[in-house]
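Reviewing the structure listed below.
The values are calculated or read from the model by the stated rules, or taken from the named source; none is laboratory data. The model shown is predicted, which means the values in this text are computed figures rather than measured ones. Positions of Cβ are backbone-derived with ideal geometry, glycine not excepted, and every protein chain shown enters the neighbour counts.
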Amino acid sequence: MSLAFPPLLVNPRFELSQLTLGALLMCASAASWAAPSVTRLTPPSELFSQGQGHTQVGINSSAPVVARFLPGQKFDLQATLVPDSAQGQISDVRFLLDGQPLKAPTSLRSCEEGCLASVPKNATIATLRALQVEKPGVHNFSVTAQQNDSQTVTAQGQFEVVAWQAVELGKLGNSAKAKVKNVIILLGDGMGAAHRTAARIVSGGYAQGKANQPLAMDLLPITGMVKTSSLNALVTDSSPGMSSYVTGNKHNNNEEGVFPDDTIDPFDNPRMEYLSEYLHRTQGKSLGLVTTADVFDATPAANAVHTSNRGAGTGIVDQYLDDSGLTGLSVLMGGGRKWFLPASVPGSARALSNDYAFATEANPALAHTANLVKAWGISPGQRDPERDLIADFERAGFVYAPDKTTLDAISVDKTDRLLGLFSYANMNVALDKINGRRAKTTVTAGTSVGGGQSGASIVEEFGFPDQPMLDEMTTKALAVLEKNKKGFVLMVEGASIDKQAHNMDTERWILETLEFDKAVGVARAYALKHPDTLVIVTADHETAGASLIGASKVTDQKLQELIQAGGTENVRDKVVGVYEQAKFPRYHFSADGYPQTEDIDFRILVGYGANADRYEDWRTNPQPITDPQQPFANQAPQSTYPSNPLKRDVAGRYLVTGQVPGNSAVHTATDVPLSAMGRGAWAFTGVMDNTDVFFKIGQAVSKGVPVFKDR
């Protein structure tokens, strides 16, 4: 028999106890002698991933602690434990904190079913739920597991509880006046520095090199830069991009409010407490979520719903309501009606496959989630595709608005809970909503109005001609939320800055940024009247590598002639002005606050550094790219829209070759700007990690504003 112990001795993922090397040598001929292993330990830790539990081997002492929590913030511990052979079984598991056994119950789940294919069937996943640690500092935690031949393994990790900073009250007089009462986070999805600059150029223009007027977000006095990488990738997607701001922890791409695990259930992952949950539990604050996307989308969901699958729409929207007692959810507005309609109703997207359910007496197969339900106090849920979720929201006290007219008519004096669903999926973008409001139906000189083959406006073709703008939703949300005298957290998302940058649809994302900036203006005005309000404007990531390359050298009429002539020599070489050839474009605005047309003479020109192949002609696209999330996207008139950027602007024959495969521009790892105002805003200067934002907010709301001294 060949000896199997050498690989175990060099594998640092575990340390052997109860056996010495000599004992191993003596029993090498025994049928079972090897210890089990720990293949995953949560929360994520450099101590585990680099040293695999050995403090003396391979540890980079300068590496940051990955997992951090506020004092008392809830989070889960978890370990995946693998026996040494196919016949082995894990018989006992203990979690320890700083060397002391934890008394909270630990649930054990067999991987016979429901685990990833890469995990052995006899592996066990051990989870301890809703741990709370008040003592600040770096803590070591460990798991010790025993298999059925009495051999054990121990693996170690670490996390940090971030200490509260001392508050020097000075003229504030008392700690209550030092605290932030309300937090407004305005998230321009995908909005990098170039997106902001383009919006400023279009909004006010430049004269002799100086901006004629600032954006609302430019008026916020404090500015910093944010690093955006996720737990498992240099380039984040929106799920960890948003979650990091409101949990203080890194997440895998496509996951929100959870750490990664080895199960396939999208809702049973180890959790950490959201800002909304923490502040509702400790202070009774309310939560408001406003977006121009489908409300199930990553950014809004990453404030209230814990899942490893951002696409599990039915379960996500159900948990908005089911767990609103934990999050304090009082306002939810955006698109996404398709998830709220019973599955038998046309347009519904509800399905068993993406719903959620945890352990109940009627569902003993999910017994491993019983501790999740009990420890976190969450709803057990139910797989119910025929659920009428709008009716359930109304029964829970929410007033429902299906359109702008209804929203405007709602009296906030009689309303402290509000649900608004203004489209089946993502709301139409600002350009198309504005054109619909202007009631134009054809593309004519001097207009940017788009429509399909029917001649109707885009919003009419989608069937939702009466959609509110983001600033209108924000105004109503604030009016409802401020009724809670204990304060609120409001997240407002300009979602299609990102979505239209993915499509490399320049005019649509510029107007999305302008729409978002108007919502910033609403929040700024509110904070000026309520000095105990903190306003933060930032992004989850940058999208498309947008770059302001210059301005057109020709009039719009000449541009159209060059497009007809076609080819790179006409549409690029005779149009693109760089350096001193790029003059200052002047956009003219209508009374509604948006450009009369984007197709002006000597217009701004935008390129992309993270783009897929596309055709470019520099003019406004009359139709958007088909949105596959819309339930009727495969039916006319939506099916007549271009399916991707290679299916539009073809007449000009100017093909721009991309740096990435596929049909869409991608996110980048570029830092994003953050602007802030109000009490606590001075904490947001310099370059910070996205997780740092959470702790700065937590400090300002829970303990007050500290005095930051020069270093």
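Inclusion of K171 among residues that are at pLDDT below 95, outside any loop (DSSP other than H, G, I, E, B) and either of a type in the set (S, T, N, Q) or loosely packed, with under 14 Cβ neighbours inside 10 Å (or both) is warranted. Out of all the residues in region 608-617, is one or more aliphatic (A, V, I, L, M) and either on the phi > 0 side of the Ramachandran plot or at pLDDT below 95 (or both)? No, every residue in region 608-617 fails to be aliphatic (A, V, I, L, M) and either on the phi > 0 side of the Ramachandran plot or at pLDDT below 95 (or both). Check off (1) surrounded by fewer than 16 Cβ atoms within 10 Å (Cβ to Cβ); (2) in contact (Cβ under 8 Å) with a residue 60 or more places away in the chain; (3) hydroxyl-bearing (S, T, Y) for Y587 and give me the number that stays unchecked. Y587 satisfies every listed condition except (1).
Evaluating A343 against the criteria (1) in a strand (DSSP E or B); (2) over 28 Å from M272 (Cβ atoms) leaves one unmet condition, (1).
Scanning region 606-644 for residues that are in a loop (DSSP other than H, G, I, E, B), free of Cβ contacts under 8 Å to residues at least 60 places away in the same chain and hydroxyl-bearing (S, T, Y) turns up T626, S643. The set of residues in region 355-372 that are surrounded by 15 or more Cβ atoms within 10 Å (Cβ to Cβ), in a helix (DSSP H, G or I) and either touching an Asp or Glu at 6+ places or on another chain (Cβ under 9 Å) or at pLDDT 95 or above (or both) comprises L366, H368, T369, L372.
Quick one: is V687 surrounded by 18 or more Cβ atoms within 10 Å (Cβ to Cβ) and touching a strand residue (DSSP E or B) at 6+ places or on another chain (Cβ under 9 Å)?
Taking the combined requirement at face value, the residue does not satisfy it.
Please tell me if V180 is surrounded by fewer than 19 Cβ atoms within 10 Å (Cβ to Cβ), under 29 Å from V226 (Cβ atoms) and not basic (K, R). Spelling it out, it is not the case that V180 is surrounded by fewer than 19 Cβ atoms within 10 Å (Cβ to Cβ), under 29 Å from V226 (Cβ atoms) and not basic (K, R).
Checked against the criterion of being assigned by TED's automatic domain parsing to the domain that holds G328, assigned to a helix (DSSP H, G or I) and basic (K, R), region 389-402 contains one or more residues that satisfy it. Scan region 555-568 for residues that are surrounded by 18 or more Cβ atoms within 10 Å (Cβ to Cβ) and either more than 17 Å from D649 (Cα to Cα) or touching a Ser or Thr at 6+ places or on another chain (Cβ under 7 Å) (or both) and the total you get is 1. Restricting the search to helices (runs of 4 or more DSSP H) fully inside region 218-331 and requiring at least 1 residues that are over 16 Å from the mean Cα position of the chain (by Cα) gives 275-283, 313-322, 324-327. Candidates A145, A130, A126: the one that is in contact with a helix residue (DSSP H, G or I) (Cβ under 6 Å, 6 or more places away or on another chain) and either assigned to a strand (DSSP E or B) or of a type outside the set (V, I, T) (or both) is A130.
Return yes when D189 is crowded, with 19+ Cβ neighbours inside 10 Å, of a type in the set (D, E) and under 30 Å from P266 (Cα atoms) and no when it is not. Here the answer is yes, as D189 does meet what is asked. Confirm whether R417 is in contact with a helix residue (DSSP H, G or I) (Cβ under 8 Å, 6 or more places away or on another chain), under 19 Å from A312 (Cβ atoms) and either in contact (Cβ under 8 Å) with a residue 24 or more places away in the chain or not small (G, A, S) (or both). Considered against the rule, which asks whether it is in contact with a helix residue (DSSP H, G or I) (Cβ under 8 Å, 6 or more places away or on another chain), under 19 Å from A312 (Cβ atoms) and either in contact (Cβ under 8 Å) with a residue 24 or more places away in the chain or not small (G, A, S) (or both), R417 comes out as no.
Among the residues of region 478-521, those that are out of contact with any Ser or Thr (no Cβ under 6 Å at 6 or more places or on another chain) and of a type in the set (S, T, N, Q) comprise Q500, N503, T506, T513. Out of T369, T405, T415, one residue alone is touching a strand residue (DSSP E or B) at 6+ places or on another chain (Cβ under 9 Å) and assigned by TED's automatic domain parsing to the domain that holds D189. It is T415.
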